[in-house]
1. Dividing the Cα convex hull volume of segment 102-242 by residue count, how many Å³ per residue is that?
2. Do any GluC sites (Glu not before Pro) in segment 333-438 lie in a loop, going by DSSP, with at most 15 other beta-carbon atoms within 10 Å of their beta carbon, and if so which?
3. Suppose every Lys and Arg Cβ carries +1 and every Asp and Glu Cβ carries -1, with no other charges. What dipole size does segment 6-244 come out with about its Cα centre, to the nearest 20 debye?
4. Using amide H atoms built 1.01 Å from N in the peptide plane, name the residues 5+ places from Leu272, or on other chains, whose amide H lies under 5 Å from its own.
5. Per residue, how big is the convex hull of segment 251-463 when only Cα atoms are used? Give it in Å³.
6. Before I look further, what does segment 189-293 give for accessible area per residue, probe 1.4 Å, in whole square angstrom?
7. Once you have all Cα-Cα distances for the chain, histogram them in 20 Å bins from zero and send the whole-percent values.
8. Compactness ratio of segment 37-83: Cα Rg over 2.2 N^0.38 Å, N = residue count?
Amino acid sequence: MNPRTIGELRESGYQPAPVKAEVERNLIRAMEAGEELFPGIVGYDFTVIPQVVNAILSHHDMVFLGEKGQAKTRMMRALTRFLDDKIPVVSGCEINDNPYDPICLSCKRKIEQHGDIVEIEWLPRDRRYGERLSPGTKIADLIGDLDPAKVAGGAPLASEDALHFGLIPRMNRGVFAINELPDLEYLIQVSLFNILEERDIQIRGYPIRFPMDVLLVFSANPEEYSRSGKIITQLKDRIGAEIRTHYPSTREAGLKIMDQEAKVDVGEGYQLDAPDFMRDIVEQITVEARKSSHVNQKSGVSARLSITNYETLVANARRRAITLKESVVTPRISDLNYLYTSSQGKIELDPFREESLTETQAIEKIIERAVRVVFTERTAGMDMDPVVDAIAGEIRIETGDMIPSADYKTIVSAAPQIWEPVHALGGDKSDQARAACVEFILEGLYLTGKLNRKKIGEMAAYRGK
Ligand SMILES: [Zn+2]
């Protein structure tokens, strides 16, 4: 049974800790137990996570600097993992007062009058994390303001009774996260500086100071963060740890994130069998987009590009399976034609580039580059010359996403030499796998300059050079 009054709490021997000490204590416990510190965070084991651990051990507030889609918000939210399950606060307090050392006037009065019989409540971990998301946040929302209702009710203007507490004081003894720090207006930055420097807040310039116990975490785009004038230097100076996030450094890490986040349930009666080369292509599209000179690299290309592209790819394969009554769902090259819906909006074109492409053209280039890279990797050491030689003269092979998988047997009957590489790529296990391998080889040969290709709507016609 949890203590229910300050007296009972005292008897239990409970000792509260400042939030940063509490987070540190639980982190150390997790490290000593050999636990995974940030479950679900991929690729940060040797870069971001050690820096976060050091920041916690140093009792630092921190800012995560990174381009979009680098799990910054996720990292900030994950810090709540190191809060106690629950902590005692004075019952009914707006700012989660420590029962032994309250700072708000109403709690102070209550305890003065009733002493140890004042009730406490136990605040669960999930109510000790606050986040500011919208860019339009006002100082009144974040810090506090005069409460007109309280003033009308007779509270003196210059007293604490007339105040409404903002989000940060309400997160007293917890974690408060602020996204896109450079978007915050000057006055809010000054208030934040005050919290970081003095650990207290002042509302509306009234001489009311609250010693705040809060762990502040921020996120920002590095470009914006370093641009002069965007962030007051005193504020930057007071943030203990600047932690640089990054995109997955290997395709494997990217695929792991994709598998973890993508929702690709194909439903009862269907079976998903995505060839590895198709999965590689999806992740490679993101990798290529991050290198493309047509793309605005300052804002970055989120991991969400791979995730939603993979979902769309599987969706189109499902559409085919359902329509054509095939039970195996196997994405293939012709499904890539549908990735524009999930790529547009996630790829921001570089506005300063002279040779300008439309969004569609830029995405097409990126997709083709990705297919070429994966094709070159996967077919290294395979002899494609017999296939290229066979597809010559009047031979023309048509592929498309709504062609039944079983038909690929006859479609390529004019060039049976293709079966050897199809076999080597794992195309024997089903009609669907075979169709996917055929399309991959034909498209790869086109992209490496060995075949011609003509696109007719969603169909592609390949012929010899
Ligand atoms: Zn209070």
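1. Cα convex hull per residue, to the nearest whole number: 130 Å³.
2. Hits after loop and neighbour filter: Glu354, Glu355, Glu394.
3. In debye, rounded to 20, segment 6-244 gives about 380.
4. Val329
5. About 120 Å³ per residue, rounded to a whole number.
6. Computed with neighbouring chains in place, this is 46 Å² per residue.
7. 21, 39, 26, 13, 2
8. So the Cα radius of gyration is 1.08 times the expected 2.2 N^0.38 Å.
The values are calculated or read from the model by the stated rules, or taken from the named source; none is laboratory data. Computed from a prediction, not measured in an experiment: that's the story for all the values here. So basically every Cβ, Gly included, is an ideal-geometry build from the backbone, and we count neighbours across all protein chains shown. Surface areas here come from the heavy atoms of the whole protein model, side chains and all, with no ligands, DNA or RNA. Shrake-Rupley method; radii C 1.70, N 1.55, O 1.52, S 1.80 Å.
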